[in-house]
Amino acid sequence: LAADPGLQRRAAEAAAKVAGGPGFNTMYLDALGPIHAILSETWRLTPPRPVLSRRAEGDVRFEDIEAPAETEIFVAPWHLGRDADHWHEAERFDPARWKGRLPGQAWLGAAAGAGELPGRGCVRFATSLLLAEALSRFDFRAASDAPEPARGAFLRPREGFSLHITRR
């Protein structure tokens, strides 16, 4: 977002309808659509949990792979979010892709099934309001190229990253 001034401007315009004043204007929550798209695209490329595990409750088959009951199965949302078979230009940050039909099994968001975040909708709403508030008040500009990720249990920049933040 900080690397795309045009996208940031459009998101800030949407955010200004909801945030930026003494309180949130809840009459315009539909205006958060672009903010939701930015968050979904961010979570597609940098999922909260890059790897999930589930235990098979019964015998299951995935194409030509059989997994007997009690097998620990690992799913990698990080890889699903970059699968070129499901996502056009999978490595590119493109919030506009969230306006159309999405590939069902290639998007897990904040997990799925028994491990799904119970307050997922609440987290999405609160994060959208927080981003809307920030965008209505500040401009963000990347101070350097995209950071190199340090892969592990959680995704984070290997050596941090810098932003230039100025008041609107």
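The values are calculated or read from the model by the stated rules, or taken from the named source; none is laboratory data. These numbers come from a predicted model, not from an experiment. Cβ: placed from backbone, ideal geometry, glycine included. Neighbour counts: every protein chain shown. The protein model used for the area step is the full one, side chains on, heavy atoms only, and it has no ligands, DNA or RNA in it. Shrake-Rupley method; radii C 1.70, N 1.55, O 1.52, S 1.80 Å.
Here are the numbers for the structure shown:
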quantity	calculated
Residue-normalised accessible area of segment 53-102, expressed per residue, 1.4 Å probe, Å²	78
Simple label model, 7 Å out from Cα along Cβ direction - residue 3 to residue 83, nm	2.4
Residues in segment 120-140 reached by a label modelled at residue 163 [backbone nitrogen below 20 Å; 7 Å Cα→Cβ]	123-140
Cut-off 13 Å between beta-carbons: net charge of the residues surrounding residue 13, Lys and Arg +1, Asp and Glu -1	+3
Calculated FRET efficiency for the pair residue 62/residue 125, C-beta based, R₀ 25 Å, to 0.05	0.15
Local electrostatic count at residue 59 - Lys and Arg +1, Asp and Glu -1, tallied over other residues with Cβ under 15 Å	-3
Per DSSP, loop GluC sites (Glu not before Pro) in segment 34-104 with at most 15 further Cβ within 10 Å	57, 63, 70, 89, 91
